[in-house]
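Below is one structure, written out as structure tokens; comments come after it.
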Amino acid sequence: MKTPSPHRHVLVTGGAGFIGSHLVEALLAGGASVTVVDDLSTGVRANLDVAVHAHPDRVRLVESTVSEWARGAPGFDAAYHLAASVGVRLVMDDPARAAERNVGETMALLGWASRTRSPVLFASSSEVYGKGVSSPFREDADLLFGPPTSPRWSYGLSKAVDEQMAIAAGARDGFPVVVARFFNTVGPRQRGRYGMVLPRFVAAACTGRPLEVHGSGRQVRCFGDVRDVVRALPTMLSTPDCHGKVFNLGSDRPISIEDLARFVVSTLGSRSEVVRVPYSDAFGPGFEDLEVRIPDIARARRAIGFDPGITLEQTIRDIAAHLARTPEAIA
């Protein structure tokens, strides 16, 4: 992977979140000063402890929504927009609020970027592929969603709208934009309370509780380590050939959810059992899910030499070690 040009002063919205805090550390390690804007609705101040301890003079947290902060805020050498509603459970609990936050806060960020001409990397999601048209998922594929009466698709729809707004605003107003679609990004600091499957499994295995597999367990996913993903983001934003484009980011090594549960149990030497829970019990009646979600990451490989190298086994062990140090994160 190419080495990115260092940015002097960088903005990370949602920087106290799981992915955001790892990105903050990567940017600081590259020599940048970082301002984090996060309302701490799902982010956790403690996620920034490592960054603050290592670079107390180069990281600043502004506790605010993006829309509040953006009024009159100055420009930055680069901005990474990760602030969003996250997790299937959070979206299913209040789909209207999730969509409002995703679209409204992105509009505010893009208005600021248009005014200041600050380069923006927008964090999107594999959820924009909806039900999927073909596999593996390619960035230029058509998108297919269920009806608007199904709350399941509200998150993906809102992120797809965000992508179009970001690319269009950058083209119209002359600031660089890159869109990164994350596929099941996992690692230390991720919490299972919002529906994320791997931290749920690891927490259950560490405490001897059953690992609950939702649905049939035959659903296929690819799990990419957050540390592989975040190191790609500054490279993308500093590479002119990436501007105005969309990139899948994550691992392309598939595993079924049931096999994932059993792999977690064996990796950690747990005595936990694996049980199935119907979708209707986990998320309510009418919940739909995709059977196969595998990214084509050839575009990122060609553009920046993206090559995820951290194994799923190592990720599982690192999540378990993090939970052992911070047992409050098990919730």
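Among the residues of the stretch 13-32, is any on the phi > 0 side of the Ramachandran plot, crowded, with 17+ Cβ neighbours inside 10 Å and at pLDDT 95 or above? Yes: the stretch 13-32 contains one or more residues that are on the phi > 0 side of the Ramachandran plot, crowded, with 17+ Cβ neighbours inside 10 Å and at pLDDT 95 or above.
Inspection of the stretch 164-172 identifies no residue that is surrounded by fewer than 20 Cβ atoms within 10 Å (Cβ to Cβ), among the polar types (S, T, N, Q) and more than 26 Å from Leu110 (Cα to Cα).
Per this entry, Arg218 is not counted among residues that are part of a helix (DSSP H, G or I), on the phi < 0 side of the Ramachandran plot and not aromatic (Phe, Trp, Tyr). Using the structure shown, decide if Gly104 is touching a helix residue (DSSP H, G or I) at 6+ places or on another chain (Cβ under 8 Å), surrounded by fewer than 23 Cβ atoms within 10 Å (Cβ to Cβ), farther than 18 Å from Met196 by Cβ and touching a residue at least 60 places away in the same chain (Cβ under 8 Å). Against the criterion (touching a helix residue (DSSP H, G or I) at 6+ places or on another chain (Cβ under 8 Å), surrounded by fewer than 23 Cβ atoms within 10 Å (Cβ to Cβ), farther than 18 Å from Met196 by Cβ and touching a residue at least 60 places away in the same chain (Cβ under 8 Å)), Gly104 does not qualify.
Could you list, in sequence order, all residues of the stretch 247-281 that are within 27 Å of Glu163 (Cβ to Cβ) and buried (at least 20 other Cβ atoms within 10 Å of the Cβ)? Of everything in the stretch 247-281, those that are within 27 Å of Glu163 (Cβ to Cβ) and buried (at least 20 other Cβ atoms within 10 Å of the Cβ) turn out to be Phe247, Asn248, Leu249, Gly250, Ser251, Ile257.
When the stretch 246-284 is filtered for residues that are of a type in the set (A, V, I, L, M) and assigned to a strand (DSSP E or B), the ones remaining, listed by number, are Val246, Leu249, Ile255, Val274, Val275, Val277.
Would you check if there is a residue in the stretch 228-246 being closer than 20 Å to Leu323 by Cβ, in contact with a His (Cβ under 9 Å, 6 or more places away or on another chain) and surrounded by 17 or more Cβ atoms within 10 Å (Cβ to Cβ)? No: zero hits.
Collect the residues in the stretch 149-167 that are within 22 Å of Leu237 (Cβ to Cβ) and out of contact with any helix residue (DSSP H, G or I) (no Cβ under 9 Å at 6 or more places or on another chain), keeping them in residue-number order.
Across the stretch 149-167, the qualifying residues are Gln164, Ile167.
Any chance the stretch 131-143 includes a residue that's charged (D, E, K, R) and in a helix (DSSP H, G or I)? Checked against the condition, which is being charged (D, E, K, R) and in a helix (DSSP H, G or I), the stretch 131-143 yields no hits at all.
The values are calculated or read from the model by the stated rules, or taken from the named source; none is laboratory data. Model, not experiment: these values are computed from the prediction. Using ideal geometry, Cβ is built from the backbone for each residue, glycine included, and neighbour counts are taken over all protein chains shown.
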